[in-house]
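The values are calculated or read from the model by the stated rules, or taken from the named source; none is laboratory data. Quantities reported herein were computed from a predicted structural model and do not represent experimental measurements. Virtual Cβ from ideal backbone geometry, glycine too; neighbours counted across all protein chains shown.
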Amino acid sequence: MNPDRDAVRDRYAAAARRALAGDSPGPLSDGLGAVHYAGETVSAELTATSIGCGNPLAVADLRPGETVLDLGSGGGLDVLLSARRVGPAGRAIGLDMTDEMLTLARGHAEREGVTNAEFVKGTIERIPLPDASVDVVISNCVIALSPDKPAVFAEIARVLRPGGRLGVTDILADNTLTDAERASRTGAVECVGGALTAGRYRALLRAAGLVAIEVRPTHEVGEKLHSAIIRAAAPTPVTIVPMTPEHADAVLAIYQAGLDTGHASFETTAPAWAGWDAAHLPAHRLVAVTPAGRVVGWTAVSAVSSRCAYAGCVEHSVYVHPDTRGSGIGPALLRALITSTERAGIWTIQSGIFPENTASRRVHGEAGFREVGTRHRVGRHHGRWRDVVLIERRSPVVGVD
């Protein structure tokens, strides 16, 4: 079941008219702004017109100079906060189909003195922006209201630049929510009729061509309903090629950037190329290269043991340039590594990951790695003991007889 667009428009237009008249926007806001935007420096009036179930700015990592698009921008809170984060060189765009909400948001922008924000009329199923024109798409519990979610995700993929990011909050339905239960609920939780399950959300994002997908429920907002954080990215076009000594400087720089995060390795400083070269097997060294020739990631393997029984086992590393994390390069490198090792008769790829490195754990899980267990307090790193999660992928095609 999908929400009726006219009913949604009428409901939100009425809330905006109340706010424009100086009254409370009504039950739509339900005080959520005060909860999810605690600590933000915004007027009480602006916070009171936040109609959502979370704070997408806590989901999307906005950077100075970026262009960010808010789908269903309502009273403009997320747009105005985004405008602050992207700075004068950046741009924040709010998209809404309701004239009254656009009027309300433009008034808020003027009163807040925000000059790098704009508000445009349109629907999220047909975004009135050019292809590849946006760095980040955010949204606050609006996608659940759409009657055509495949169109929404296709439009998001269209307007995102290569490597662009999606970071939204939305409503998820439990798998046990029935059609009868959806139909019986109206009023403040009208979005229940169109709420997707986590699995369906992932499938639609994947069908739109997005990568690095994360769908994570955060808190309950109703019976069989949860607010959720959803992240995804537009893939960055790269070519996976064999690593050569000419790539050395870029490989070591990416390695050092990973070490600087404090969650990549017990090492703290990348070695000279001779040391790195000696530690990794000549085969299965791969780099991800953009059309402009820039190296944005690498993967390589080391021997697990000199014993013959372990000849088909290797330990791998995969690192991605910090500017392109979350854009599908890590998964692409892992796929290429799996293909390369299986062709050479390697049956097990293994490694260790700090438990806090949830992004790497997720990417490896999606690539078919399993978490074997945790080695507790296995080593000291920056003055404290660290655990390591052991992961492995056993090939389903090599050494199965």
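Odds and ends about this structure:
- Taken as a whole, the condition of being of a type in the set (A, V, I, L, M, F, W, C), outside the structural domain of L62 (by TED's automatic domain parsing), in contact (Cβ under 8 Å) with a residue 60 or more places away in the chain and within 30 Å of A234 (Cβ to Cβ) does not apply to V289.
- Residues considered: L145, L196, L129, L177. Of these, the only one that is crowded, with 17+ Cβ neighbours inside 10 Å and at pLDDT 90 or above is L196.
- For region 218-233, taking the residues that are at pLDDT below 90 and in contact with a Leu (Cβ under 6 Å, 6 or more places away or on another chain), the one that is surrounded by the most Cβ atoms within 10 Å (Cβ to Cβ) is identified as H226.
- Verdict on A183 being modelled with pLDDT under 95, under 17 Å from L210 (Cα atoms) and either assigned by TED's automatic domain parsing to the domain that holds T103 or part of a strand (DSSP E or B) (or both): no
- Just one of the numbered conditions (1) free of Cβ contacts under 8 Å to residues at least 40 places away in the same chain; (2) touching a Ser or Thr at 6+ places or on another chain (Cβ under 6 Å) is not true of P271: (2).
- Entirely in region 289-401, the strands (runs of 3 or more DSSP E) that have 3 or more residues that are out of contact with any Cys (no Cβ under 6 Å at 6 or more places or on another chain) and among the hydroxyl-bearing types (S, T, Y): none
- Pairs linking a residue in region 196-208 that is assigned by TED's automatic domain parsing to the domain that holds K224 to a residue that is of a type in the set (K, R) and in a helix (DSSP H, G or I), with Cβ atoms under 7 Å and 6 or more positions apart or on different chains, are L196/K149; L204/K149.
- In region 102-139, the residues that are in a strand (DSSP E or B) and either farther than 13 Å from V68 by Cβ or of a type in the set (A, V, I, L, M, F, W, C) (or both): A117, F119, V120, K121, T123, R126, V134, V136, V137, I138
- Screening A257 against (1) part of a helix (DSSP H, G or I); (2) closer than 28 Å to A292 by Cβ; (3) touching a Lys or Arg at 6+ places or on another chain (Cβ under 7 Å) leaves a single unmet condition, (3).
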